[in-house]
Amino acid sequence: MGNYVVVGAGIAGAVIARRLAEEKNGRVWIVEKRSHIGGYCYDERSEDGILIHRYGPHIFRTDSAKVWSFLSCFTQWHDYQHKVLTNVNGMNLPMPINLDTVNGYLGSHYTSENVMEYFERRRTHPEQIRSVKDVVESQIGPEFYHAFFEKYTEKQWGMPCDALPPEIVARIPIRTNRDDRYFTHRYQALPKDGYTRMIANILSHPDIHVLLNTDYEAVRRAVSPDHTYYSGPIDEYYDYRYGKLPYRSVSFQFETLPINRYQPAAVVNYPNNYDYTRITEFKHFYGRMVSGTVIAKEFSHAGGDPAYPIPTKENLALYEKYAAIPNSSVTFIGRLGAYSYYSMDQIVEKILDMEI
Ligand code: UDP
């Protein structure tokens, strides 16, 4: 038994709410300031029935059988292998960089056996890998770094690559074969009826009550829960007492077009041109056979709703100061609560492993 408040109805809030209701027989109130559940995973159908990810492309993947089987209680899955192209020198080339990217970019005929010789001759040898620039240049050399990573990363994060930690690009491998999948996890799929439906199913429990359009500040003093789980920004929770933690925000320009297909893959990155980082065309996700299409141009900027923590040393040190504030009544969860560049499965895994 017990009364719990969960702040935020995203994937983190939903999973913890479900555990509290089921394992603790608790009564759970979820406070959500937006008018919908789902957080950044929120999706909805266009007029043509295409599922649109309102806050950018979310591709579910995990190596964890535990995470997969937990979520499988709340959704069926649509098999999907994510493919990303990157537009460099007017060509759409596979991303992550693979053999076809190299040969397409250079106009060369390298094979899987000898392509590493090209990178071996060009890669740098920094004493220490301190930044995105160091890690990428030390694998593929300055020319490929410059063409494929430097400007994309600077657009995305609003900082120079030599000031950004190498972990930011850790999820992007360099391949010598022709594998053009973005992810190679054991499980990869999209919820059959979308993330919003899956999260609604997680929340569908008689002891879970969702309060939409509700500001936590407004209820903070009125309720006295046994425990609170907070998935918003940790600095905001503490009224920025040590200063603001930097976040990157994203905005989307959606366009509905009367054409069958806009681009050859679900996502095309634009590292070197335009103000947007990438374009997503949603009908690729579910292969829906409708005549029109919907795309979203994605812009990265400072100063909007926080989406990406920026994990530089200084920012992480500031986060640690907040995290060290003694507080036995609140647990911080999710990407913003933990100030970590978590993917969806990492968020779920942390919460499933958490002692409650
Ligand atoms: N990245 C890049 N060029 C690309 C794709 C990714 O430089 O064409 C870098 C960039 O710094 C980006 C990071 O790799 O922020 C992670 O990319 P991913 O697409 O996985 O990020 P997300 O989908 O979370 O924005």
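Let's see how each residue does on (1) open to solvent by less than 20 Å² (accessible area, probe 1.4 Å); (2) near the ligand (Cβ under 8 Å from one of its atoms); (3) of a type in the set (A, V, I, L, M, F, W, C); (4) more than 20 Å from LYS83 (Cα to Cα):
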position: GLU127; (1), (2), (3), (4): no, no, no, yes
position: LYS133; (1), (2), (3), (4): no, no, no, yes
position: VAL136; (1), (2), (3), (4): yes, yes, yes, yes
position: ALA147; (1), (2), (3), (4): yes, no, yes, no
position: THR153; (1), (2), (3), (4): yes, yes, no, no
position: ILE172; (1), (2), (3), (4): no, yes, yes, no
position: ASN177; (1), (2), (3), (4): no, no, no, no
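State whether one or more residues within the stretch 97-104 are under 25 Å from THR312 (Cβ atoms), more than 10 Å from the ligand (Cβ to nearest atom) and either among the aliphatic types (A, V, I, L, M) or out of contact with any strand residue (DSSP E or B) (no Cβ under 6 Å at 6 or more places or on another chain) (or both).
So far as the stretch 97-104 goes, no, none of its residues is under 25 Å from THR312 (Cβ atoms), more than 10 Å from the ligand (Cβ to nearest atom) and either among the aliphatic types (A, V, I, L, M) or out of contact with any strand residue (DSSP E or B) (no Cβ under 6 Å at 6 or more places or on another chain) (or both).
Does VAL84 satisfy the condition of being in contact with a helix residue (DSSP H, G or I) (Cβ under 6 Å, 6 or more places away or on another chain) and among the aliphatic types (A, V, I, L, M)? I'd like the intermediate steps shown before the answer.
Numbers: in contact with a helix residue (DSSP H, G or I) (Cβ under 6 Å, 6 or more places away or on another chain): no; among the aliphatic types (A, V, I, L, M): yes.
So VAL84 does not fit the description; no.
Tally the residues that are at pLDDT 95 or above, surrounded by fewer than 16 Cβ atoms within 10 Å (Cβ to Cβ) and over 22 Å from PHE60 (Cα atoms), restricting the search to the stretch 263-291. Walk me through how you get there before you give the answer.
As a first pass, look at the stretch 263-291 and keep what is at pLDDT 95 or above: 263-286.
From what is left, the residues that are surrounded by fewer than 16 Cβ atoms within 10 Å (Cβ to Cβ) are 264, 273-275.
Next cut, over 22 Å from PHE60 (Cα atoms) only: 273-275.
Looking only at that region, the number is 3.
Hey, which of the strands (runs of 3 or more DSSP E) in the stretch 252-356, taking only ones fully inside, have at least 1 residues that are farther than 30 Å from GLU23 by Cα and touching a strand residue (DSSP E or B) at 6+ places or on another chain (Cβ under 8 Å)? Please lay out each step first, then the result.
Numbers: elements: 267-269, 278-281, 293-301, 330-332.
Fully inside the stretch 252-356 and qualifying: 267-269, 278-281, 293-301.
Looking at GLY90, GLY107, GLY49, GLY38, which is the one that is away from the ligand (no atom under 12 Å from the Cβ) and in contact with a Gly (Cβ under 7 Å, 6 or more places away or on another chain)?
Details: GLY90 fails: in contact with a Gly (Cβ under 7 Å, 6 or more places away or on another chain); GLY107 fails: in contact with a Gly (Cβ under 7 Å, 6 or more places away or on another chain); GLY49 fails: in contact with a Gly (Cβ under 7 Å, 6 or more places away or on another chain).
After ruling out the rest, the residue left standing is GLY38.
If the Cβ limit is 6 Å and pairs must be 6+ apart or interchain, which residue in the stretch 52-69 that is open to solvent by less than 30 Å² (accessible area, probe 1.4 Å) pairs with which residue that is of a type in the set (Ser, Thr, Tyr)?
ILE52/SER46; PRO57/THR280; THR62/TYR187
Mind listing just one residue for me: the one in the stretch 155-170 that is more than 8 Å from the ligand (Cβ to nearest atom) and in a loop (DSSP other than H, G, I, E, B) and, of those, surrounded by the most Cβ atoms within 10 Å (Cβ to Cβ)?
Going through the qualifying residues, I end up with PRO165.
Before we move on, is VAL102 in contact with a Cys (Cβ under 9 Å, 6 or more places away or on another chain) and part of a helix (DSSP H, G or I)?
Numbers: in contact with a Cys (Cβ under 9 Å, 6 or more places away or on another chain): no; part of a helix (DSSP H, G or I): yes.
Taking the combined requirement at face value, the residue does not satisfy it.
For the stretch 86-99, what are the residues that are open to solvent by 30 Å² or more (accessible area, probe 1.4 Å) and either in a strand (DSSP E or B) or closer than 20 Å to PHE285 by Cα (or both)?
Taking the stretch 86-99 as the starting set, the residues that turn out to be open to solvent by 30 Å² or more (accessible area, probe 1.4 Å) are 89-92.
Residues satisfying the conditions are MET91, ASN92.
Would you say THR184 is free of Cβ contacts under 8 Å to residues at least 12 places away in the same chain and either more than 30 Å from GLY287 (Cβ to Cβ) or under 23 Å from the mean Cα position of the chain (by Cα) (or both)?
The answer is yes for THR184.
Go through (1) open to solvent by 60 Å² or more (accessible area, probe 1.4 Å); (2) touching a Lys or Arg at 6+ places or on another chain (Cβ under 6 Å); (3) assigned to a strand (DSSP E or B) and name the single condition TYR242 misses.
(3)
From MET344, MET289, MET354, grab the single residue that is within 16 Å of the ligand (Cβ to nearest atom) and among the aliphatic types (A, V, I, L, M).
Details: MET289 fails: within 16 Å of the ligand (Cβ to nearest atom); MET354 fails: within 16 Å of the ligand (Cβ to nearest atom).
Just one listed residue meets the conditions, MET344.
Which condition does ARG221 not pass, out of (1) touching a residue at least 24 places away in the same chain (Cβ under 8 Å); (2) closer than 27 Å to MET1 by Cα, if it passes all the others?
(1)
The values are calculated or read from the model by the stated rules, or taken from the named source; none is laboratory data. Quick caveat: nothing in here was measured; it's all calculated off a predicted structure. Counting neighbours? That spans all protein chains shown, and the Cβs are built from the backbone with ideal geometry, glycine included. Side chains are part of the model used for accessible areas, which takes the heavy atoms of the whole protein and leaves out ligands, DNA and RNA. Shrake-Rupley method; radii C 1.70, N 1.55, O 1.52, S 1.80 Å.
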